[in-house]
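Shown next, in structure tokens, is the structure this report addresses.
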Amino acid sequence: MLAMAATTAIFTTSCENDNINPYDYANNGNNQENQGSTDAFKTDLAEYPKGSLVWTKDTTLSESVEIPVGTSLYIEPGVTITCKSEVQVPVEIVVLGNLYCMGTAEKPVTITSDTKKPADWGGIICGYNSEEVVLNHVDIAYAGATPTESSASFQNKLFKTTIDGGVPAFHFCNVNGKFVMANSYFHDNYNDQTYFTGGQGVITNNIFADSGNAADGGEAVNVKSGCKLDVANNLIYNACTNALKLSNAGNSETVPLTEMTVYNNTIVNCGWRRSKNKKGGSIWVEKAAKPILVNNLIYDSRFGLKQPKEDGVDMQNSRLTPNYYFASTETGVTQMAKDASLGIWWDSDIHSTKAGEGNPLFKNFTQTPKINIIDDDSLNAFASGINDRTYTVTLSKGIIQKLNDEELEAVIAHELTHIRNRDVRLLIVSIVFVGIFSMLTQITFYTITHARIRLSLIHI
């Protein structure tokens with residue numbers, strides 16, 4: 001505790017608490033800059049080795065944090081890290097050493113922003129010497145800010161450029177490093193949720209929701225060469241471009257080819273926000289990738305499994321079936337058909353050959369409104385439906401071709417607002433009541449008129 005108390009004041013501008021932080025113990029008489037505690041550090045949870053950085057309390061970051069090579073940062077259960085957004089250089093957590101986020105189901109570790117908007121902060125960026133990273137029960141949101149030349153990631157040469165469109169929420173690149181991502185929740189991040197250019201890792205039991213943006217895209221899991229991965233039992237929802245992008249791009253004599261085993265994942269409603277981009281869909285494999293891809297459920301996503309026309313998947317050394325592809329609309333069926341452009345088809349897969357066929361019957365799942373496209377050159381869009389099963393947004397081909405992605409996104413958002421506010425249901429109810437009222441008025445008018453005629457005839 002004395003070591004922690006003696007070092008608190010140095011880091012108040014960047015980290016507003018009394019945790020042992022990377023810059024707290026700087027040149028404290030022993031030339032061991034940024035090396036954490038001088039002695040073994042004990043908390044209510046555990047005892048940490050000498051030199052550890054330990055965060056036991058909520059932390060607010062106003063500038064980036066670097067975990068030095070050979071140093072480990074431990075973040076204990078229930079800790080919330082809030083990154084300030086109104087700063088000159090976006091906040092990043094750059095892990096040159098090791099990182100252990102030790103959340104639990106009851107007390108997850110949360111890494112978020114102060115305004116809770118996508119691209120508020122950078123992300124967790126791991127360096128080439130990062131040996132181990134564990135993310136267990138971690139909630140990571142609102143990352144993906146575009147770095148500057150002053151950003152920690154750029155200064156450490158972890159990216160060749162400043163990454164137009166923003167850095168990934170989590171990036172790992174050490175071919176010899178190891179990582180585990182389990183039971184975590186990635187959501188509302190501006191670009192890729194995860195991006196891997198090296199490492200041996202397990203990605204399991206995570207939820208990836210609402211990744212990317214319409215302008216620059218974004219995958220839930222983006223894998224390049226130099227990786228050996230197990231990707232299993234994840235739920236991926238509403239990825240802007242793809243749920244999974246698997247590639248051996250960048251391989252050389254020094255970077256081994258990627259080995260991926262991808263199984264038991266559920267992919268829902270992915271690829272639709274990049275409908276003008278041929279890459280937007282569910283699973284995209286390219287550049288001599290040779291994954292094992294089996295027993296995955298792809299539900300109402302744009303396209304099925306697909307590849308580019310050139311530099312596609314290594315078919316001879318891959319296993320890409322069986323998988324389960326479901327579509328609730330004819331548009332979805334068409335885009336997963338055997339003759340679909342860029343598609344990879346296997347007779348051993350299960351495909352919906354007509355809308356709604358083979359519905360897996362999810363429970364406690366509210367399906368997003370269906371999107372229909374009508375063959376009409378006019379600029380038209382409307383919402384329809386009265387419940388979760390029938391809600392539909394209809395767009396004309398004319399409006400899709402005329403508007404750019406941002407304009408089209410605004411139109412769809414407008415129609416979705418009608419659905420959220422139940423305007424369609426209200427309109428239908430109003431029409432029904434107006435019809436009933438009109439019919440009753442007509443009946444009343446007819447009755448009165450007929451009675452008057454009868455009275456007139458009697459008097460005559």
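The set of residues in region 71-82 being part of a loop (DSSP other than H, G, I, E, B) and in contact (Cβ under 8 Å) with a residue 40 or more places away in the chain consists of T71, P77. Annotation: of all residues in region 283-319 being under 16 Å from K338 (Cβ atoms) and surrounded by 23 or more Cβ atoms within 10 Å (Cβ to Cβ), the one that is nearest to the chain's Cα centre (by Cα) is I298. Tell me, yes or no, whether region 144-167 has at least one residue that is surrounded by fewer than 21 Cβ atoms within 10 Å (Cβ to Cβ), under 21 Å from G226 (Cα atoms) and either touching a residue at least 40 places away in the same chain (Cβ under 8 Å) or in contact with a Cys (Cβ under 6 Å, 6 or more places away or on another chain) (or both). Yes - at least one qualifying residue is present in region 144-167.
Comparison of L158, L135 shows that the only residue that is outside any loop (DSSP other than H, G, I, E, B) and under 18 Å from N222 (Cβ atoms) is L135.
To keep it simple, each residue is scored yes or no on (1) among the polar types (S, T, N, Q); (2) over 20 Å from I283 (Cβ atoms); (3) out of contact with any Gly (no Cβ under 6 Å at 6 or more places or on another chain).
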{"position": "M181", "(1), (2), (3)": "no, no, yes"}
{"position": "Y190", "(1), (2), (3)": "no, yes, no"}
{"position": "I207", "(1), (2), (3)": "no, no, yes"}
{"position": "G218", "(1), (2), (3)": "no, no, no"}
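Among the residues of region 135-152, those that are touching a Gly at 6+ places or on another chain (Cβ under 9 Å) and of a type in the set (S, T, N, Q) comprise N136, T146, S151.
Scanning region 331-345 for residues that are outside any loop (DSSP other than H, G, I, E, B), of a type in the set (S, T, N, Q) and in contact (Cβ under 8 Å) with a residue 12 or more places away in the chain, we see that the one that is surrounded by the fewest Cβ atoms within 10 Å (Cβ to Cβ) is T331.
A quick yes/no check of all residues on (1) modelled with pLDDT under 70; (2) under 30 Å from T241 (Cα atoms):
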| site | (1), (2) |
| --- | --- |
| K370 | yes, yes |
| I399 | no, yes |
| L427 | yes, no |
| S430 | yes, no |
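Of all residues in region 108-121, none that is in contact (Cβ under 8 Å) with a residue 24 or more places away in the chain and under 17 Å from V89 (Cα atoms) has its Cβ atom under 6 Å from the Cβ atom of a residue that is of a type in the set (V, I, T) and surrounded by fewer than 20 Cβ atoms within 10 Å (Cβ to Cβ), 6 or more apart or on another chain.
The values are calculated or read from the model by the stated rules, or taken from the named source; none is laboratory data. Computed from a predicted structure; not experimentally measured. Every residue, glycine among them, receives a Cβ derived from its backbone with ideal geometry; neighbour counts consider all protein chains shown.
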